[in-house]
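What follows is a single structure, written as structure tokens, with notes after it.
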Amino acid sequence: RLALSPDAGQLDGIDVFSGTAPQGDDDIAIRFHIHPTIDVQLGDASRTVTLSARGADDWVLEADGLPPMIEDSIFLGQGDRARRTVQIVIATTITATPDVRWSLKRLRKPKPDQLSLALTPDPADTMS
């Protein structure tokens, strides 16, 4: 299930797993394959992942306390040419977590004109 906030600043998802796994094999993994132009970094105590694209807002992915992992992957979106990329993997077991809740939240970057205003000292703040 997916739900997008009205301002498109957050995407919430729930992956639900049902059925019976073969005995001793209830491992599951949710994989987010990332475009090669996106930078991916583990964040807060390895509980979040930040996705960054040049000139765009960052996004943060987290999954109900489950630690995300970053693994190698390949991108096949340009004809027959494969490119290296990464994937974000959230792994657990059906027994421990039959439904995995995750969210992708936008972190708004200040616009260049807002940044310059923040860095310009206010004349009233100067001491004579």
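Details
- Each other residue within a Cβ distance under 10 Å of residue 74 adds +1 if Lys or Arg and -1 if Asp or Glu, for a net charge of +1.
- FRET efficiency for the residue 44 to residue 20 pair, using the beta carbon distance and R₀ = 41 Å, is estimated at 0.70.
- Label point distance in nm, residue 96-residue 57, each placed 7 Å from Cα along Cα→Cβ: 3.2
- Computed from label points 7 Å out along Cα-Cβ, the spacing between residue 83 and residue 107 is 2.3 nm.
Quick note: the coordinates plus some simple rules give every number you see, no bench work behind them. Everything numeric here is computed off the predicted structure, so don't read it as measured data. Cβ coordinates were reconstructed from backbone atoms using ideal geometry, including for glycine residues, and neighbour counts include every protein chain displayed.
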